[in-house]
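Worksheet for the structure shown next.
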Amino acid sequence: MEIPCPPPRNNATRPHSALPPDACDCHAHVFGPAATYPYQSSRDYTPPDAPLENLLALHKTLGIERCVLTQPSVLGVDNRAMLNAVAQLPERFRAVVAFGGDTSEAEIDRLHAAGARGLRVNLVDRGGMPFGFFDELAAVAERIADRGWHLELLARVHEMADVRVRLKKLDVDTVFAHYGYMPTARGVRDPDFQALLSMMSDGRTWVKMTGGYRITRNASTPYDDIRPFAEALLSAAPQRVLWGSDWPHVMCRIDMPDDGTMLSEVIDWIGDPQLLQQVFVTNPASLYGFS
């Protein structure tokens with residue numbers, strides 16, 4: 001059933017501590033207008049209009065200078081809204097796009113030139129997205145690996161017991177958004193979360209600290225139950241942890257959060273200034289090709 005989404009909060013607060021120069025938001029979306037960029041009829045939600053100028057205003061408040069836009073499922077493989085936004089700030093923005101297995105080499109080259117550095121596969125709320133199963137990914141994974149891209153998965157790792165074996169067969173770097181959708185109620189010692197940590201240690205798996213409201217047990221911030229998970233990720237492989245706002249927070253089923261409050265929490269969880277530099281600057285530059 002398609003769900004209408006409330007808009008994000010206006011007038012976000014500033015985080016309590018400044019981020020380092022070139023800090024990157026590694027997971028955000030732009031939406032609308034729907035008349036120009038129509039949504040898939042098979043979508044799971046209907047987002048509010050969320051134009052680039054609103055995202056840039058938020059980034060100014062938060063102290064963000066770089067951004068990676070990710071393709072939302074409601075737009076399927078129509079990447080125009082996102083790539084048009086990237087084209088306005090090509091030095092500061094990158095994209096994670098969606099396309100099907102029959103996409104031509106010329107089209108992938110065009111996407112790369114437009115700032116794309118990854119392929120998104122959504123296994124949670126697919127909407128108009130292709131690739132419903134891992135078995136469909138082998139051929140396309142080889143094609144994107146040759147270009148230095150990665151595979152971004154929106155997937156519940158606790159429902160994919162064989163995910164580690166399957167990903168090794170793909171021979172491509174993989175990024176899990178939203179803490180791998182691991183519910184905090186399961187605890188950090190959960191075998192599936194421990195498997196995710198092992199995949200990070202193996203050297204080809206990254207995790208985004210994004211969308212905390214998707215996994216917390218709390219009805220509003222602070223999301224203190226996420227802290228042990230964040231600390232475990234940072235301990236397992238600090239060079240493969242990323243952060244993103246997940247703005248404009250579609251499918252947020254608890255109180256709409258304040259972006260500055262959420263970012264302040266993450267800053268506290270990271271703690272060390274050198275680690276802050278790693279997560280917000282060094283890691284995104286390495287994965288997405290910022291110079």
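The values are calculated or read from the model by the stated rules, or taken from the named source; none is laboratory data. As the structure is a computational prediction, the values presented were derived from the model and not from experiment. Using ideal geometry, Cβ is built from the backbone for each residue, glycine included, and neighbour counts are taken over all protein chains shown. Please note that ligands, DNA and RNA were not included when accessible areas were found on the heavy atoms of the full protein model with its side chains. Shrake-Rupley method; radii C 1.70, N 1.55, O 1.52, S 1.80 Å.
Checked against the criteria, Asp173 does not count as surrounded by fewer than 23 Cβ atoms within 10 Å (Cβ to Cβ), modelled with pLDDT under 95 and more than 25 Å from Gln71 (Cα to Cα).
Hey, any hits in region 99-117 for a residue that's touching a Leu at 6+ places or on another chain (Cβ under 9 Å), within 25 Å of Gly211 (Cβ to Cβ), buried (at least 20 other Cβ atoms within 10 Å of the Cβ) and modelled with pLDDT under 95? Looking for residues that are touching a Leu at 6+ places or on another chain (Cβ under 9 Å), within 25 Å of Gly211 (Cβ to Cβ), buried (at least 20 other Cβ atoms within 10 Å of the Cβ) and modelled with pLDDT under 95, one finds at least one in region 99-117, hence yes. Considering region 182-208 alone, what residues qualify as being under 16 Å from Val241 (Cα atoms) and in contact with a helix residue (DSSP H, G or I) (Cβ under 6 Å, 6 or more places away or on another chain)? The answer is Met182, Ala195, Leu196, Leu197, Met199, Met200, Ser201, Thr205, Trp206, Val207.
I want to confirm something. Restricting to region 180-196 and keeping residues that are in a helix (DSSP H, G or I) and open to solvent by less than 20 Å² (accessible area, probe 1.4 Å), which single residue is farthest from Ala219 (Cα to Cα)?
If we take residues in region 180-196 being in a helix (DSSP H, G or I) and open to solvent by less than 20 Å² (accessible area, probe 1.4 Å), then Leu196 is farthest from Ala219 (Cα to Cα).
Mind checking which pairs have a first residue in region 149-170 that is farther than 28 Å from Leu111 by Cα and at pLDDT 75 or above and a second that is open to solvent by less than 80 Å² (accessible area, probe 1.4 Å) and small (Gly, Ala, Ser), Cβ under 9 Å, 6 or more apart or different chains? Pairs that qualify, where the first residue is farther than 28 Å from Leu111 by Cα and at pLDDT 75 or above and the partner is open to solvent by less than 80 Å² (accessible area, probe 1.4 Å) and small (Gly, Ala, Ser), are Val157/Gly180; Val157/Ala195; His158/Gly180. Taking the condition of being assigned to a helix (DSSP H, G or I), open to solvent by less than 20 Å² (accessible area, probe 1.4 Å) and over 30 Å from Glu2 (Cβ atoms), how many residues in region 230-262 meet it? Selection size over region 230-262: 4.
Annotation note: of Leu75, Leu89, Leu55, the sole residue that is of a type in the set (A, V, I, L, M, F, W, C) and touching a residue at least 60 places away in the same chain (Cβ under 8 Å) is Leu55. Within region 61-108, being in a loop (DSSP other than H, G, I, E, B) and of a type in the set (Gly, Ala, Ser) holds for Gly63, Gly76, Ala98, Gly100, Gly101, Ser104. The one condition from (1) part of a strand (DSSP E or B); (2) modelled with pLDDT of 95 or more that Val121 does not meet is (2). Selection over region 3-42 of residues that are modelled with pLDDT of 95 or more and on the phi > 0 side of the Ramachandran plot gives a count of 1.
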